[in-house]
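Participant: There's a structure below that I have some questions on.
The values are calculated or read from the model by the stated rules, or taken from the named source; none is laboratory data. In this text, all values refer to a predicted model and were calculated from it rather than measured experimentally. Positions of Cβ are generated from backbone atoms using ideal geometry, with glycine treated the same way; all protein chains shown enter the neighbour counts. Ligands, DNA and RNA are stripped out before the accessible areas are found, and what is left, the full protein with its side chains, is counted by its heavy atoms. Shrake-Rupley method; radii C 1.70, N 1.55, O 1.52, S 1.80 Å.
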Amino acid sequence: MFPYLVRRLLIAIPVLLGITVINFFLINLAPGNPVDMFIDPNMPAELLEARKERLGLNDPVIVQYVKWLGALLQGELGYSFSSYAPVAGLIGERIGPTLLLASASLLLGMLIAVPAGILSAVKQNTRFDYLMTGLSFIGTSIPQFFLGLSLIYIFAVQLRLLPTGGMRTLGGSGGTGDLIAHLILPVFVLGFVIAGKKVRYVRAAMLDVLGQDYLRTARAKGLHPFLVTNKHALRNALIPMITVFGSEIPLLLGGSILIEQIFQWPGIGQLTIQSVLSRDYPTLMGLNLTAACIVLTTNLLTDLLYSAADPRIRYQ
């Protein structure tokens, strides 16, 4: 196992380097620069040029990238152009809420998709199967922003049962119950979309396994249907399930940007929107690097889960 982890680390380093190169040049290809956000009609042109020089924006793009990479190798992500705060500190404050939102949404999606997909496969071509298929199409096709805004209008504006957004109630006690109340709507939106996309994958994986000869033999020997489905069939269908749920992590990070903006959730998604609008290059680079590290780590954990689900898989 250890040699495998070393090889993955050696592969991840050039991948991360390539991601930083692509992201840096794409960000700098955007029209305008951060100084444009501070333009005052009465500000002399020489002051604008002095600010560009101080931020290093007058250097060639390659020189800017080399300076940024040198700072990264020293453990620094630079300073925000808009708030002048350390980028590492800004991301550190926001990464926790985003991971909480993403993990809770993924867990909810799994808790819905896995049982629904298993029952849909067991009850193939029944009314329940058709109902689950229809709901999965709805979950796949409905826009996240529409679902989010609809739930805010119903449960927060009309019924006044849940908060409209944020992570804590201003002036409140800020306890666990308050946090859960703020989590319900955004987690349901993301979890419902995840479940809608994954129910049919789980159903297909289970149908493929349920048709195997060894399961027919187990049924013929009188083994209880619950054990046939949830012990033998489910264990052998875990590999494709792990794959599809593991691949959901990058999509979940991307989807949380919109959801965090709608629900005013103080995570890296909201920070990304603010950085894009203010053309805050250092913060955007730090966010892209953080997202890349999360995705690569998730891919590694997915591979390790393969060996846990199937003892026949060994990494040398």
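Participant: Starting from residues that are of a type outside the set (S, T, N, Q) and open to solvent by less than 40 Å² (accessible area, probe 1.4 Å), keep the ones in the range 97-112 and report whichever is nearest to the chain's Cα centre (by Cα).
Facilitator: Looking at residues that are of a type outside the set (S, T, N, Q) and open to solvent by less than 40 Å² (accessible area, probe 1.4 Å), I get 102.
Participant: Looking at the structure I just gave you, is residue 16 modelled with pLDDT of 80 or more, closer than 17 Å to residue 275 by Cα and surrounded by 11 or more Cβ atoms within 10 Å (Cβ to Cβ)?
Facilitator: Here the answer is no, as residue 16 does not meet what is asked.
Participant: Give the range 80-90 a look and list any residue that's part of a helix (DSSP H, G or I), surrounded by fewer than 20 Cβ atoms within 10 Å (Cβ to Cβ) and either at pLDDT below 90 or touching a helix residue (DSSP H, G or I) at 6+ places or on another chain (Cβ under 8 Å) (or both), or say none.
Facilitator: 88
Participant: Name the residues in the range 142-179 that are among the aliphatic types (A, V, I, L, M), out of contact with any helix residue (DSSP H, G or I) (no Cβ under 8 Å at 6 or more places or on another chain), outside any helix (DSSP H, G or I) and under 17 Å from residue 97 (Cβ atoms), would you?
Facilitator: The one that is among the aliphatic types (A, V, I, L, M), out of contact with any helix residue (DSSP H, G or I) (no Cβ under 8 Å at 6 or more places or on another chain), outside any helix (DSSP H, G or I) and under 17 Å from residue 97 (Cβ atoms): 170.
Participant: I'd like to know if the range 214-236 contains one or more residues that are open to solvent by less than 70 Å² (accessible area, probe 1.4 Å), not polar (S, T, N, Q) and not in a helix (DSSP H, G or I).
Facilitator: Yes, the range 214-236 contains a residue that is open to solvent by less than 70 Å² (accessible area, probe 1.4 Å), not polar (S, T, N, Q) and not in a helix (DSSP H, G or I).
Participant: How do the pairs read when you match residues in the range 193-217 that are at positive phi with residues anywhere that are open to solvent by less than 10 Å² (accessible area, probe 1.4 Å) and of a type in the set (Gly, Ala, Ser), using Cβ under 6 Å and keeping only pairs 6 or more apart or on different chains?
Facilitator: none
Participant: Do we have any residue at all in the range 52-64 that's open to solvent by less than 40 Å² (accessible area, probe 1.4 Å), outside any helix (DSSP H, G or I) and not charged (D, E, K, R)?
Facilitator: Checking the range 52-64: at least one residue is open to solvent by less than 40 Å² (accessible area, probe 1.4 Å), outside any helix (DSSP H, G or I) and not charged (D, E, K, R).
Participant: Cβ-Cβ below 8 Å, separation at least six or inter-chain, first residue in the range 42-62 and farther than 22 Å from residue 25 by Cβ, second loosely packed, with under 12 Cβ neighbours inside 10 Å: which pairs?
Facilitator: Matching pairs, first to second residue: 48/39.
Participant: Residue 77 versus (1) in a loop (DSSP other than H, G, I, E, B); (2) within 19 Å of residue 34 (Cβ to Cβ); (3) open to solvent by 40 Å² or more (accessible area, probe 1.4 Å): which is the lone unmet condition?
Facilitator: (3)
Participant: Kindly establish whether residue 49 is at pLDDT 80 or above and either in contact with a Pro (Cβ under 8 Å, 6 or more places away or on another chain) or open to solvent by 50 Å² or more (accessible area, probe 1.4 Å) (or both). Steps first, answer last, please.
Facilitator: Numbers: at pLDDT 80 or above: no; either in contact with a Pro (Cβ under 8 Å, 6 or more places away or on another chain) or open to solvent by 50 Å² or more (accessible area, probe 1.4 Å) (or both): yes.
No; evaluated as a whole, the condition is false for this residue.
Participant: Hey, another quick one. So which pairs qualify, if the first residue must be in the range 125-141 and more than 19 Å from residue 248 (Cα to Cα), the second must be β-branched (Val, Ile, Thr), the Cβ gap must be under 7 Å, and the two must be at least 6 apart or on different chains?
Facilitator: Short answer, once both residue conditions are applied: 132/199.
Participant: In the range 259-279, is there at least one residue being without any contact (Cβ under 8 Å) to a residue 24 or more places away in the chain and over 23 Å from residue 145 (Cβ atoms)?
Facilitator: Looking for residues that are without any contact (Cβ under 8 Å) to a residue 24 or more places away in the chain and over 23 Å from residue 145 (Cβ atoms), one finds none in the range 259-279, hence no.
Participant: Would you please name the residue that is modelled with the lowest pLDDT, looking only at residues in the range 256-271 that are open to solvent by less than 30 Å² (accessible area, probe 1.4 Å) and part of a helix (DSSP H, G or I)?
Facilitator: 256
Participant: Would you say residue 139 is part of a helix (DSSP H, G or I), small (Gly, Ala, Ser) and modelled with pLDDT of 90 or more?
Facilitator: Numbers: part of a helix (DSSP H, G or I): yes; small (Gly, Ala, Ser): yes; modelled with pLDDT of 90 or more: no.
Against the criterion (part of a helix (DSSP H, G or I), small (Gly, Ala, Ser) and modelled with pLDDT of 90 or more), residue 139 does not qualify.
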